[in-house]
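Just below is one structure, and these are the notes that go with it.
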Amino acid sequence: MNWKNHSKIIITICIFSISFWCPMALAHTAVATVKNHATEAFGYAYNYPTQKLADENAVKACRSDALKNGVGHLAKQCKVDLRGKGPGYGAVTCGENGCGYVTGFDDSQAAIDAAYVLCNTYYTSCNTKNIKYWEDFVGFGR
């Protein structure tokens, strides 16, 4: 066997093995709120390469929202309520005492509609305008 061809085969096998065994980078999402104050203290982060980064940024956004909405004394109570990992569109809308969150939808409008239905099923006065939505595609082709 020709060593040049043998080397190419070994390199090809190594590349395949690395791609097969290495974990794929995925889009990570997090939503953070203060319990029973989701309309005043809410934050979300999406399309992050790690869950830790998504969590940290969602909590940071929640604390900022609490300060902006006059409930800064609750900012330290911001906690991650939802984590998502995977491709697709997500959305969230909040009402009194909680939020409806969804992830993994094929299009933004379907995610928005599903988030509203979910919120309205469990909570009252769910936001119908400017529902927050995002698309997670880190690590996935589009």
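What follows draws every value from the coordinates through simple rules; no lab data is involved. Given the structure is predicted, the values throughout are model-derived calculations rather than measurements. Because the Cβ atoms are built from the backbone with ideal geometry, glycine has one as well, and the counts that use them run over all protein chains shown.
Let me check I've understood the local charge: for residue 44, count other residues with C-beta under 14 angstrom from its C-beta, Lys and Arg +1, Asp and Glu -1. What total comes out?
-1
Separation between the residue 52 and residue 36 pseudo-spin-labels, each 7 Å from Cα along Cα→Cβ, expressed in nm?
For residue 52 paired with residue 36, the spin-label model returns 3.4 nm.
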